[in-house]
Structure formats: C-alpha cells, structure tokens
Amino acid sequence: MTERRFSERLKRIPTSPGVYRMHSDSGEILYVGKASNLRNRLRSYFGKSSHIDLKVKTLVKILSDFDFIVTESEQEALILECNLIKEHQPRFNSRLKDDKSYPFIKIDTTEDFPQVYITRNVQKDSGARYFGPFASAGSVRRTLSLLKKLFPYRSCTKTITGNDDRACLDYHIKRCVGPCIGAADKNEYSEIIDQVSLFLEGNTGQIVKALRTRMKESAENLEFEKAAALRDQITAIDKVNEGQKVLSLNSKNLDIIGCAQWLSEAWVEVFFIRKGKLIGRDNYLMHVGEEDDLPSIQTAFIEQFYGVTPYVPPLIVTQYPVNQDNDSLLTFLSEKRQGTVRFTTPKRGERKKLVDMVVDNASRGMDQLKITRFSESGRDDTAMNELQEALNLPAIPRRIECYDISNIQGTNAVGSMVVFENGSPNTRDYRRFQIKTVQGVDDYSMMREMLTRRFRRLVNPDKQSATDASSSSKTSSWMEQPDLVLIDGGKGHLSSALQVFLELGIQDIPIASLAKENEELFVPQTPEPIVLPRNSNGLFLVQRARDEAHRFAITYHRKKRAKTTIRSSLDMIPGVGPKRRKHLLRKFGSVKNLRSAHATEIASTPGITMKLAEKIKLYI
C-alpha cells in the first residue's frame, strides 16, 4: 500500500484532532489510533521514511482502507479511541484483556442505607462511589470479606423500613448494626459507610482516630459493651495495618506501574499507595504486538486503565518516562481527577526501589505465565524436538545440564549446575561449586574448573578428589550423562568448555552456549550462530534453563558474600577466634542480622560471654 493510492484522500483530510481506523479487505478493523492532527498522522503511515517501525510496515501491507472521526478536542479523541479499542479489539492495538469485565466495589450513597457490593458496570450516576478496578472477582470477594469483618454494614438486599420484627444472623453476631429493626438510624449507618469508604481509600488512621473518640465517649457514658465492641474493631483494623507495607512517602497517594512482555502478551503490575501505605496491588494482561516496546505498552495501559477506573491519584510513578508533552492524556486524567495529575520516573531513592519491586513482580508474573503457556498442549516435547533439529543432536535432549558463573570482580566466585529433564527442572540434581583455583576476574578459567570437577566424576568416578567425593552425597546423579550441555555465555565460554571435554576425552556429549544479548546459540565447528524464532518452544526451554542456572548461581554467590562480609567484620574483634566466629556465622548468617541483634541474644551463642557480646556490638 503506497501513499500514491490515497494521495488525493490524504490531501482532503482535516488537520483537526480525531480518531482513525484501519480496515482490512474483509472489513476487519486492524487498528484504532488518535491524533491531534489527523492529516499529518495518516500521512506518516504511507511515507517512505526509514524510521517507520516493523509494526507500522506490517499494518500498511495488509490494510485496504481507512476512515476517521473528527472530534472537538484531543481529550475527546483519547476517550473515543479507548471506547473503540474496547468495542473492536483490533489485533494491532495493545489492549487490556477483557477490560470490560473488570470488577469494582460500588457504594450507592443515594440510598438511605447503602449496600457495598461487586459490580462490573461503572455508570456515572450521581452519588455512587466505585473502588477498583480489581483484577478478578476473587480479589473483590476477599476485600468484601475483610470489610464485613471490620465494619457492620448490611449485606442484605431488602428495603429498609426499620420496622422488621426480627433481624438476621449478621446482627446477632455483630456483623450488622440492624437498621432493618431500627437498631441504627440513618446517621449511625452513614458513619459506618463513611468508614468503609475511608478504608478503601487507605485512610485507616482517620478511622481509628474517630473510633477511639467514640470508644472513650462510650466508656464515659458507662456504655461498656459498646466501648468493648469499638475496641475490638480498632484492634482488627490495627491488625490489618500491620500487614500493610509502610512506606516513607510522606503520606502521599500514588500508583506505581511496571511492565514485562513476552511475545504477544504483556503483564502489567500496579501497586496502590494510599496515605504512604501499600494498600493493594493488582496485575493485568494485555494483548500486544511482538514489535511493540514496553514504553508504548505502558502508555496504552495508562490510557485504558484510567479510562475505566473511577479514581486517578495525583501522582503516577512509571517504569518508563511518559511524554509530558502529551497534553491530551494529562488533561484527560486531570479532568477526571478534578485536580493536577503528574507522572514521574525516579532514578534513585525510595520511589526507585518501589518501581524496581513492581517491575520485579511483573517479571515474575510473566515468568509464571510463560511456564503456564509452555506446559500447555505438550510443548515440552515440541521444544525438545525443535532443539534436536536446530542443533543437529543425535538424540532428543531429555536431560539438559546448564552451567553459569557468578562473581563480583573475581571475589566470592561460584558456579551452578541446573538440570532439566523432559523440559522441567529436576532440582534434586542441582549442584553448586565454590571456585577454588582461580584468582581474579577470569570467567573462562572458572568455567573450566567447574566443568572439570563435574565431568571428571562422570569419566573417572574412582579418581575424583577426596574433597569432591565427600561433597557428593548423591553420587548416582553425577553418573547421569546429559543429552545436551548448555553454557551461559558466548563463543569464549564455549571454547573453554570444549577444552575441558578435549582434556577428559569426552566426544559423545553435545554442547552449546547461549549468548544473552541476542539469544544466539553457538555450537562447535559452526562459525555462525543459530538463531531460533522468537516464539520457538525450543528457545524458551533453553532460556528457562539459562535463567534458572543464573538464579541458582547468584543465590549461592549472595549467601557466600554475606558470610565473607561478616567474617571480615569479626576478624577485627579481639577475643573472637575461628571457633567463636563459626558459631556466630551459623547463628546470625549476616552482618545485618548480627548488628540488629541485642547483646543478650549474641551472648546466647556458644562461647560468647555478655562482656564479649557488648564488645561485638561496639565493633560492628
């Protein structure tokens, strides 16, 4: 499709803001977009510019027609775009999965005795308040269950007159104040609903303060049963608060967003901070194009998520910078909030740590999704067959051993061996190696040492060193011959591994290395890398093995580094010799734990007196 075909039409397109739709020859809506200048935006699709990305090139190849809708403003175009994406679910748009069905908690304050319930239909009806969206009905029900334990609002659907003869069970077990029998009037019930709203907003401090005042008044009026009930309610709320992560964010309200992508799916994690506390989190799946990058996915999520949620915080903390010149988005969010909305992408400090935590949760969620997708429909067998064909292996790689090295500038160097059997981790056969013979930064030599120690056990089980023999409690696993050895690294790491195999006379074990930068596989006697398709099950299997080896290695490295740190700190303390140091290491594990321990706790360690414990506290 070229500009020539649409040249006359493009000239007549207005320069107004609006929304455009791309159609296939079958009439399918392929893509919906918005623009502050429709003519310029549509022309950009059909130009010859070299910076047009792959997604646009693919779209232009298959589109047959387009149309557009002129709007009064960019904000109106943004809202219309979100609505059309929800309605048509175009395949080239990044979009929330099933975004129409996300549940909310609704409180209809137009009623005299409002109910608190789940709804999927957000309406701009005056008086009603909505909290959400939640990722699933299950998360809403858990929240409602907690609310019911904390606040005695009604869960029935009957019309309240106050003249009923009997109250339901909730009243008798203190889960409802009984407006149906006139035990609570409209004002008393409204106070409870206000507390529910404050709780959902994260204002628990305000609730507890009000409840303490009422408890004191009840006690002064000799209403001891009522005071006891209020005391129990305060205790329950305090217990919930203990489970909330307290953050030093100056009691601000903000959302934190992090994303992870795999092929045509993205996992978006949102943490909700209210009054400086993490009161909740949710995750959302998005349909995306494989060519979409994470910043554009993040923007699409923000537009769609805050298009349906009734509450917009004053601050949205993001993984990637949001274009502050995007006036339509900022204006839309500010109008919805009825106040200023800002975006920020922190580079350091408390907020940066929180963003990292959210992104880590998104990555872990995506990893779990990968495993779910991978385990569906017999993909393990498909993956192993793909690897056999791509790497020209003599047999299906049912046992894959993957190796990785972890160190910081050559210190506390360790190696890891993880085993995948029939496409799944076999943690019983995992092994870790403390590098003993290599000094300084030399990953290749470290890899040689680890592989020598491992495969010497396979080739010459009777000639392994006493140290290696004593460290092997499950010698049978060392006798298992892998169908494929996978090295985390590039050509240099592969050469080091081949040198070990040559020295040990190993010729019948296939070996390959996986370079992380471009996810390329290298095999012996093949100068060019082997590149598996991005959606290949075989590629995903070796990526999983490589990532698991890295995780296992770095976990051991951190543990070893922590012990080194505490050992070096204890070396400086007079009276703490090797035996006492060993006992302290075994009990506390790290300098941080030792530093936070009370002197009496340190003194309970074998060989440590109270006087020495106090000296240790002074030194560390």
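The values are calculated or read from the model by the stated rules, or taken from the named source; none is laboratory data. Bear in mind that the values here come from a model prediction, so they are computed numbers and not experimental data. Because the Cβ atoms are built from the backbone with ideal geometry, glycine has one as well, and the counts that use them run over all protein chains shown.
Within the stretch 163-268, considering only helices (runs of 4 or more DSSP H) that don't extend past its boundaries, which have at least 1 residues that are acidic (Asp, Glu) and either assigned by TED's automatic domain parsing to the domain that holds residue 339 or at pLDDT 80 or above (or both)?
The qualifying helices (runs of 4 or more DSSP H) are 169-172, 186-201, 204-220.
Residue 563 versus (1) over 19 Å from residue 432 (Cβ atoms); (2) at pLDDT below 75: which is the lone unmet condition?
(1)
Residue by residue through the stretch 297-347, note down the ones that are assigned to a helix (DSSP H, G or I) and in contact with a Cys (Cβ under 9 Å, 6 or more places away or on another chain). Show your work before the answer.
We begin by selecting, within the stretch 297-347, every residue assigned to a helix (DSSP H, G or I); these are 297-308, 327-337.
297, 298, 301, 303, 304, 307, 308 - these are the residues of the stretch 297-347 that are assigned to a helix (DSSP H, G or I) and in contact with a Cys (Cβ under 9 Å, 6 or more places away or on another chain).
Evaluate the stretch 316-323: report whether one residue or more is among the aromatic types (Phe, Trp, Tyr), modelled with pLDDT of 80 or more and within 18 Å of the chain's Cα centre (by Cα). Explain how you work it out, then say what you get.
Restricting attention to the stretch 316-323, the residues satisfying the condition of being among the aromatic types (Phe, Trp, Tyr) are 320.
Now restrict to residues that are modelled with pLDDT of 80 or more: 320.
With within 18 Å of the chain's Cα centre (by Cα) added as a condition, the list becomes 320.
Yes, the stretch 316-323 has at least one match.
Filter the stretch 288-309 down to the residues that are within 15 Å of residue 269 (Cβ to Cβ) and without any contact (Cβ under 8 Å) to a residue 40 or more places away in the chain and list them by number.
The one that is within 15 Å of residue 269 (Cβ to Cβ) and without any contact (Cβ under 8 Å) to a residue 40 or more places away in the chain: 294.
Could you check residue 75 against (1) in the same structural domain as residue 182 (by TED's automatic domain parsing); (2) at pLDDT below 75 and say which number it fails?
Result: residue 75 passes all but (1).
Only residues that are surrounded by 20 or more Cβ atoms within 10 Å (Cβ to Cβ), at pLDDT 90 or above and of a type outside the set (Asp, Glu): list them for the stretch 392-414, please. Before you say what the answer is, go through the steps one by one.
The first filter runs over the stretch 392-414 and keeps only residues surrounded by 20 or more Cβ atoms within 10 Å (Cβ to Cβ), leaving 397, 400-407, 412-414.
Add one more test, that the residue is at pLDDT 90 or above, and what stays is 397, 400-404.
Passing the criteria: 397, 400, 402, 403.
Residue 142 fails exactly one of the following numbered conditions: (1) at pLDDT 80 or above; (2) loosely packed, with under 13 Cβ neighbours inside 10 Å. What is the number of that condition?
Result: residue 142 fails condition (1) only.
Does residue 344 satisfy the criteria of being surrounded by fewer than 18 Cβ atoms within 10 Å (Cβ to Cβ), on the phi < 0 side of the Ramachandran plot and of a type in the set (S, T, N, Q)? Write out each step before concluding.
Numbers: surrounded by fewer than 18 Cβ atoms within 10 Å (Cβ to Cβ): yes; on the phi < 0 side of the Ramachandran plot: yes; of a type in the set (S, T, N, Q): yes.
In short, yes.
Return the pair list, or none, for Cβ contacts closer than 6 Å from residues in the stretch 589-611 that are free of Cβ contacts under 8 Å to residues at least 60 places away in the same chain to residues that are polar (S, T, N, Q), at least 6 apart or on different chains.
Once the first residue is free of Cβ contacts under 8 Å to residues at least 60 places away in the same chain and sits in the stretch 589-611, its partners that are polar (S, T, N, Q) give 591/565; 591/569.
Return the total of residues in the stretch 495-513 being over 15 Å from residue 455 (Cβ atoms) and surrounded by fewer than 23 Cβ atoms within 10 Å (Cβ to Cβ). Walk me through it before giving the result.
At the first step, the residues of the stretch 495-513 found to be over 15 Å from residue 455 (Cβ atoms) are 495, 512-513.
Next, from what is left, pick out any that are surrounded by fewer than 23 Cβ atoms within 10 Å (Cβ to Cβ): 495.
Adding up the residues that qualify gives 1.
For (1) closer than 17 Å to residue 544 by Cα; (2) in contact (Cβ under 8 Å) with a residue 60 or more places away in the chain, each residue gets a yes or a no:
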residue	(1), (2)
396	no, yes
403	yes, yes
429	yes, no
455	no, no
